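The values are calculated or read from the model by the stated rules, or taken from the named source; none is laboratory data. Bear in mind that the values here come from a model prediction, so they are computed numbers and not experimental data. Cβ: placed from backbone, ideal geometry, glycine included. Neighbour counts: every protein chain shown. Heads up: the accessible areas ignore ligands, DNA and RNA and are worked out on the full protein's heavy atoms, side chains in. Shrake-Rupley method; radii C 1.70, N 1.55, O 1.52, S 1.80 Å.
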Amino acid sequence: MDLFYRFFCERIKIRKIAYFCSLMCYFLFKIVPFLFKRKIKINNTNYIKLNYQNGRIKKLENKYMNKDYDLSIIIACYNSEKYIKNCLDSCLNQKTSYKFEIIVVDDGSTDNTKNICKQYQNKIKLISINNNKQGYARNRGIENSRGKNIAFVDSDDMITEDFVETIVSNIKNVDILHFGYYLFENNNFDKKREKKYVSKSFFSNINNESLKLITFFNDGLIGNKAFKYNIISEYGFPEKIFFEDTVFNMFWFPISTTYKYLPKSIYYYRIHDSQETKQVSTNTSSINQFCVSKLIYSFLIESEFRINKEYLINAFFSNISTILYERTKNLNYDFQYSLFYDMSLFIRDNFKNDDKKKLPFKEKKLFDCLLKQDFAKYLKVQKYL
């Protein structure tokens, strides 16, 4: 539904008409085919006790460092020798009068990444650590930053020459700045696709009503957002786990007060086969996504943040209906069934049947499957809706 809505929002200025068109497309292309699909037949499955690796949220100790720069660009890199030079060159090639710094955190690379970075030592701040995954590396970057604002650039991506100028000039009165980006595959830069959701920018004071709107525009990426330092310094990223950016993207809603979406693309996101998210989907580390989903829900439901239950339910089921399934669908049926069983126990312990009332069609079906522990129907819903 969100994909249809975003598609029509880019082409139709009247939001209600865009919503109606997306609803019709969703009904024709998703719901109708789903109703005529046969139930998936599953042979006997065995429950396996899965080894979840929970990360921790680290409170950063960097409150009293002088903020000498308008923007800190933090790059966490691991074995990025193919792309890191392009990334650094794009960061250094900025046309701006604002002061900015580039902090590169080498996460224990075993290839030539560190040596390439050393060639830029006079222009960047280079930090070397043992391999502890991106969350840990980014936190070390935040700890060593001296910028009033923070932006993250992945080591295989690039930015436009007005990246710094655009961010600093637009983030002055907001906590979070969200902007468009380009997608391109490998080095095929000529066929890049622009991704921005609305034709006009909008500003919002974050409250329970605007949370729904902002959630719609939250694409899960880190590179196409910039943050006031004080927003991210308190909690930072979960460490030593995969999918730490999912947790981070959920936390900046409740701890910030102002948000701005700017439909201008200033970030280049590269798609390639060696990306961590593609690699992890083929091994059992992908079950970490369930830990991330539980961590988000359990923390926010118990916290003092101004989050209502309806938002939390929608956020949790949106996560398991798309991200979690996409990252675990290549595992064998025993692993998928075990993950499904653990999810069903969590649903039974934390949700009531009435909680599904305001969920979208697919998420309502998932709610029922998990509550009734119907694994075959769960796979059918995930596969065809």
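Across the range 1-50, what is the number of residues that are part of a loop (DSSP other than H, G, I, E, B) and over 17 Å from SER321 (Cβ atoms)? Looking only at that region, the number is 17.
In the range 269-279 there is no residue matching the filter, namely being surrounded by 17 or more Cβ atoms within 10 Å (Cβ to Cβ), at pLDDT 80 or above and assigned to a helix (DSSP H, G or I). Among the residues of the range 27-47, the ones that are of a type outside the set (Val, Ile, Thr), touching a residue at least 40 places away in the same chain (Cβ under 8 Å), surrounded by 12 or more Cβ atoms within 10 Å (Cβ to Cβ) and closer than 21 Å to SER318 by Cα come to 2 in all. Out of the range 326-361, which residues are acidic (Asp, Glu) and touching a residue at least 12 places away in the same chain (Cβ under 8 Å)? The answer is GLU326, ASP334, ASP342, ASP355.
Taken over the range 327-341, residues that are within 23 Å of the chain's Cα centre (by Cα) and surrounded by 15 or more Cβ atoms within 10 Å (Cβ to Cβ) amount to 6.
For the range 156-177, the set of residues classified as open to solvent by less than 10 Å² (accessible area, probe 1.4 Å) and assigned to a loop (DSSP other than H, G, I, E, B) consists of ASP157, ILE171, VAL174, listed by residue number.
Scanning the range 1-18 for residues that are surrounded by 13 or more Cβ atoms within 10 Å (Cβ to Cβ) and over 21 Å from LEU262 (Cα atoms) returns a single hit, MET1. Is there a residue in the range 83-102 that is in contact with a Gly (Cβ under 6 Å, 6 or more places away or on another chain) and farther than 30 Å from ASN205 by Cα? No: zero hits. Only one entry in ALA76, ALA137 is among the small types (Gly, Ala, Ser), open to solvent by less than 50 Å² (accessible area, probe 1.4 Å), within 16 Å of TYR269 (Cα to Cα) and in contact (Cβ under 8 Å) with a residue 60 or more places away in the chain, namely ALA76.
Looking at LYS133, is it on the phi > 0 side of the Ramachandran plot, modelled with pLDDT under 95 and in contact with a helix residue (DSSP H, G or I) (Cβ under 9 Å, 6 or more places away or on another chain)? Against the criterion (on the phi > 0 side of the Ramachandran plot, modelled with pLDDT under 95 and in contact with a helix residue (DSSP H, G or I) (Cβ under 9 Å, 6 or more places away or on another chain)), LYS133 qualifies. Within the range 48-84, the set of residues being of a type in the set (A, V, I, L, M, F, W, C), at pLDDT below 85 and under 15 Å from GLY141 (Cα atoms) comprises LEU60, MET65.
Among the residues of the range 317-340, are any small (Gly, Ala, Ser), at pLDDT below 90 and touching a helix residue (DSSP H, G or I) at 6+ places or on another chain (Cβ under 8 Å)? Yes: the range 317-340 contains one or more residues that are small (Gly, Ala, Ser), at pLDDT below 90 and touching a helix residue (DSSP H, G or I) at 6+ places or on another chain (Cβ under 8 Å).
With respect to the stated conditions, LEU92 is open to solvent by 50 Å² or more (accessible area, probe 1.4 Å) and modelled with pLDDT of 95 or more. In the range 347-385, the qualifying residues are those that are modelled with pLDDT of 90 or more, in contact with a Lys or Arg (Cβ under 7 Å, 6 or more places away or on another chain) and of a type outside the set (D, E, K, R), and the one that is surrounded by the most Cβ atoms within 10 Å (Cβ to Cβ) is VAL381.
Each residue in the range 85-103 was checked for being of a type outside the set (S, T, N, Q), outside any helix (DSSP H, G or I) and touching a residue at least 40 places away in the same chain (Cβ under 8 Å), and 5 pass. Going by what's in this entry, would ILE323 be described as touching a residue at least 24 places away in the same chain (Cβ under 8 Å), open to solvent by less than 20 Å² (accessible area, probe 1.4 Å), hydrophobic (A, V, I, L, M, F, W, C) and part of a helix (DSSP H, G or I)? The answer is no for ILE323.
Look through the range 292-316, keep the residues that are small (Gly, Ala, Ser) and modelled with pLDDT of 70 or more, and return whichever of them is surrounded by the fewest Cβ atoms within 10 Å (Cβ to Cβ). So, considering only residues that are small (Gly, Ala, Ser) and modelled with pLDDT of 70 or more, the one surrounded by the fewest Cβ atoms within 10 Å (Cβ to Cβ) is SER298.
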